[in-house]
Amino acid sequence: MAIIPLRQPIIQRRESILKAIEEFDSLGRERFLERYGFGHAQSYFLVHGGKRYDSKAIVGVAYGYENPSHGPLKSHEFSGGFSTVKKCLEDLGFEVQDDTPRAPRVDPSEMPPLYHRESILKAIEEFDSLGRERFLERYGFGHAQSYFLVHGGKKYDSKAIVGVAYG
């Protein structure tokens, strides 16, 4: 399996994106995503002709139109997001809508006290004792996708560690 870095746009022709959109419309969202092994977009949606499209799936399929000898990219072969798929589509003149949930504004006087090192270290100790899977299951957290806490050369699921330390 090769990972294709998306530091720069991987699609050079707008027509490749338009072909993927046409196929998406022809098959319908669910069949298109299922055919190519993509899930529903979480944050970034291509907006074209008054419709919204799962941006990573469109780029992955468009890659296949542009590179027929390779075929479409699988979801695990590249990274979606702001600096990759969004940039690629915008560089080709498409509109991308960001549906990333935003944290509500909070009055600083209503914020909890800053995290205390001891609470974090206690949660890390329990994480190490139970192991990752049991720790996450015990407290109802999923696997971290983006943010990790690094301590002692090990990576920890930051949301779970903080949640347990201050939950």
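The values are calculated or read from the model by the stated rules, or taken from the named source; none is laboratory data. Because the structure is a prediction, the values reported are computed rather than measured. For neighbour counting, all protein chains shown are included, and Cβ atoms are generated from backbone atoms with ideal geometry for every residue, glycine included.
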Practice prompt. Would you point out which residue out of S75, S69, S26, S55 is surrounded by fewer than 21 Cβ atoms within 10 Å (Cβ to Cβ), within 17 Å of the chain's Cα centre (by Cα) and among the hydroxyl-bearing types (S, T, Y)?
Written response: S75
Fill in: the range 127-167, subset of a type in the set (S, T, Y) and under 19 Å from the mean Cα position of the chain (by Cα), residue nearest to S43 (Cα to Cα)
S146
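Does the range 142-164 hold any residues that are hydrophobic (A, V, I, L, M, F, W, C) and out of contact with any Lys or Arg (no Cβ under 7 Å at 6 or more places or on another chain), and which are they?
Across the range 142-164, the qualifying residues are L149, V150, A160, I161, V162, V164.
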Practice prompt. Can you tell me which residue among L136, L149, L92, L130 is in contact with a strand residue (DSSP E or B) (Cβ under 9 Å, 6 or more places away or on another chain) and at pLDDT 90 or above?
Written response: L136
Worksheet item: Conditions: (1) buried (at least 19 other Cβ atoms within 10 Å of the Cβ); (2) modelled with pLDDT under 95; (3) touching a Lys or Arg at 6+ places or on another chain (Cβ under 7 Å). P9 meets all but one. Number of the miss?
Response: (1)
